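The numbers here are math on the coordinates, done by the rules we state, and not lab data. Just so you know, these numbers come straight off a predicted model, no measurement behind them. Because the Cβ atoms are built from the backbone with ideal geometry, glycine has one as well, and the counts that use them run over all protein chains shown.
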Amino acid sequence: MARAAILGRLTWRVATVTAVVDETPRVRTLELEVPGWRGHVAGQHVDVRLTAEDGYRAERAYSLASAPGEPPVITVERLEDGEVSPYLTEDVRPGDAFEVRGPIGGYFVWRPDDGGPLFLAAGGSGVVPMRAILRHRRNSMSEVRARLLYSSRTLEDVIYRAELDGEEVVHTLTRAQPPGWTGYARRVDADLLREVAWPAEDGPLAFVCGPTSFVESVAAGLVEFGYAPGRIKTERFGATGGR
Amino acid sequence: MSFVSRGFRSRRRDTDADPVRVPPGQSVTRDFPVLSAGPTPHTPLDRWTFSIENGGVLRTWTWEEFRALPSEPVTADIHCVTRWSKLDTTWEGVSVDTLLAEVDHDAGYVLAFCDGGYTTNLPLEDVTGGKAWVVYTYKGEPLDPEHGGPARLLVPNLYFWKSAKWVRGLRLLDEDEPGFWETYGYHMYGDPWREQRYSGD
Amino acid sequence: MEALDGNAIGGMLYHVFGGEMTMAQAQCGHCGARGPLAECEVYLGGPGVVVRCRVCHNIVMVLVEVREMMCVDLGGLSELELPAWR
């Protein structure tokens, strides 16, 4: 369609689900095939639009979990009172399709030239864009140091657990911990940040993503710790973790 | 119409609802979505007032004075322009008739004004004759700040954006003037039964 | 309800302005605070989208879609510097 070829216009395109992966009891990854996909930057998202037979429509934004060069992949957390997430995490099968618009974003993005060291702080499904960033760093053989501070409710809720084992990740489990857990067991606070974040004098680049309250608290903590406010990028999801 | 996704439907729909109570284009929900144009205000009750103005203040009540006014329970169906409806919601508050009775005026319209700056306009006819209240209780409990507490306007006959949250008073007008959403193209009147969502509907 | 930020409306802004806007520099007309749209407070208010200054909370932008036409009020901004689009 000629309209879709116009540069600078973001049009809705039909994405087909090629595979689904249940990451945790509440979280599912959907691998997508989007005709005309021209690639994306780590940290970007897509808008997803669902239309029902009766014309009812709902739209939500989801971060891309894949690295540049890889096909578009999104990871969705099911929200109890959600309109879109229950459909994407429970009903969707490979072969199903919905509209997407994107990739979107130019602020909450990382390219290897942006350097580091990288300090990534994720609350719940806020880890999704972090996965894209870490995969991109690895795929591009970047020598930038990276550390992920990842807050989850329980070990069962940790997304991409096996994959993250290969990275420098510090977990904190805020609601319940498995027997013998020696890691952090509380919400991120100033002391925790002091112990985990790269020192301010290293000039780190920070990305903070998750529920609004998590982002505000961590970003404020990093500023107090001495991070340059201009080198802290924030992305807020809704209060319950989705957008 | 855009691409339809297999099996997708609105989750909120309460299919037990009697269709005759549901205006066109609406879906009945069991939950109570919180939608806002700004941060939740937190005016302390000892500084809260409700006023009726027309350029100058004609009458004002403190929270204590307001709570001492005769109040009544209200059960109403509410309809939001974003297409959700909620049936049999229960409130308690002061009828706008009671408030306007204390003031001499011949205004044709009112503009409700609120903490945070939100406004919405209504014909006087639609806030009198037992059609509107300033409510402070929802489901038997003090109205939650998220839902407009300590007090909000309740005008069930019109789309719910007219039931202004965090209401602090009514300005009496001779002519209709658009409030916040009306300025951006929402309907000046907003009758859900005639599906008056946008200007020109 | 907790506010989101400009990232949440990246698609809508792209649609309205024809390019990536989360990096656009917005200057609040009320208090003069300056920063990327990505960092502004965003309220998905139901009838429309309200964008507020993170510092003083005054409205900087309102976006309303009426019958597939976007109405955009930029009156709360004293300046909006568009990013250089490649």
Worksheet item: Of all DSSP beta bridges in chain A, what percent run antiparallel (nearest 5)?
Response: 55 percent
Fill in: Exposed trypsin sites (Lys or Arg not before Pro) absent - longest run of chain B, DSSP non-H/G/I/E/B, at most 14 other C-beta within 10 Å
B:48-138
Fill in: Partnerless Cys - the protein assembly as shown, beta-carbon criterion under 4.7 Å
A:Cys209, B:Cys80, B:Cys114, C:Cys40, C:Cys71
Discussion item. At 7 Å along Cα-to-Cβ for each site, give me the label-to-label distance between B:His147 and A:Glu195 in nm.
Written reply: 4.2 nm
Discussion item. Output wanted: per-residue J couplings in Hz (rounded whole) for the stretch B:87-93, from phi through Karplus 6.51 cos²θ - 1.76 cosθ + 1.60, θ = phi - 60°, x for Gly and Pro.
Written reply: 9, 6, 6, 10, 9, 9, x
Worksheet item: Ordered by residue, what ³J(HN,Hα) values in Hz, to whole numbers, does the stretch B:28-37 give under the Karplus form 6.51 cos²θ - 1.76 cosθ + 1.60, where θ = phi - 60° and Gly and Pro are x?
Response: 7, 10, 9, 8, 9, x, 9, 10, 8, 9
Item to complete: Can you spot the lysines whose alpha carbon is less than 29 Å from B:Lys131's alpha carbon? Ignore those fewer than 8 places along the same chain.
Response: B:Lys86, B:Lys139, B:Lys162, B:Lys165
Practice prompt. Only loop residues by DSSP count here, and only those with at most 12 other Cβ atoms within 10 Å; note down the trypsin sites (Lys or Arg not before Pro) in the stretch A:1-96 that meet that.
Written response: A:Arg9, A:Arg38
Practice prompt. Enter the mean number of other protein chain beta carbons within 10 Å of the beta carbon of each residue in C:19-26, as an integer.
Written response: 4
Discussion item. For a Förster distance of 22 Å, can you work out the FRET efficiency between the beta-carbons of C:Cys71 and B:Met188, rounded to the nearest 0.05?
Written reply: 0.90
Worksheet item: the stretch A:39-100: which GluC sites (Glu not before Pro) are DSSP loop and have at most 16 other beta-carbon atoms within 10 angstrom?
Response: A:Glu53, A:Glu80
Worksheet item: Among A:Gly55, A:Pro68, A:Gly82, which residue has its Cα positioned farthest towards the positive end of the charge dipole of the stretch A:2-104, with +1 placed on the Cβ of Lys and Arg, -1 on the Cβ of Asp and Glu, and the dipole taken about the Cα centre?
Response: A:Pro68
Fill in: Most mobile of A:Pro204, A:Pro179, A:Pro72 in a GNM of chain A (Cα contacts under 10 Å)
A:Pro179
Discussion item. I'd like the FRET efficiency for C:Glu79 and A:Glu143, computed as 1/(1 + (r/R0)^6) with the beta carbon distance as r and R0 of 41 Å, rounded to 0.05.
Written reply: 0.60
Fill in: Loop-located GluC sites (Glu not before Pro) in the stretch B:89-168, at most 14 other Cβ atoms within 10 Å (DSSP)
B:Glu102
Discussion item. Give me the one-decimal nm value for the distance between modelled label points at A:Asp114 and C:His30, 7 Å along each residue's Cα-to-Cβ direction.
Written reply: 3.0 nm
Worksheet item: Where nothing but the Cβ of Lys and Arg (+1) and of Asp and Glu (-1) is charged, how large is the charge dipole of chain A around its Cα centre, in debye to the nearest 20?
Response: 500 debye
Discussion item. At 222 nm, what value in deg cm²/dmol follows for the protein assembly as shown if DSSP H runs of at least 4 each add -39500 (n - 2.57) and the sum is divided by all its residues, to the nearest 500?
Written reply: -3000 deg cm²/dmol
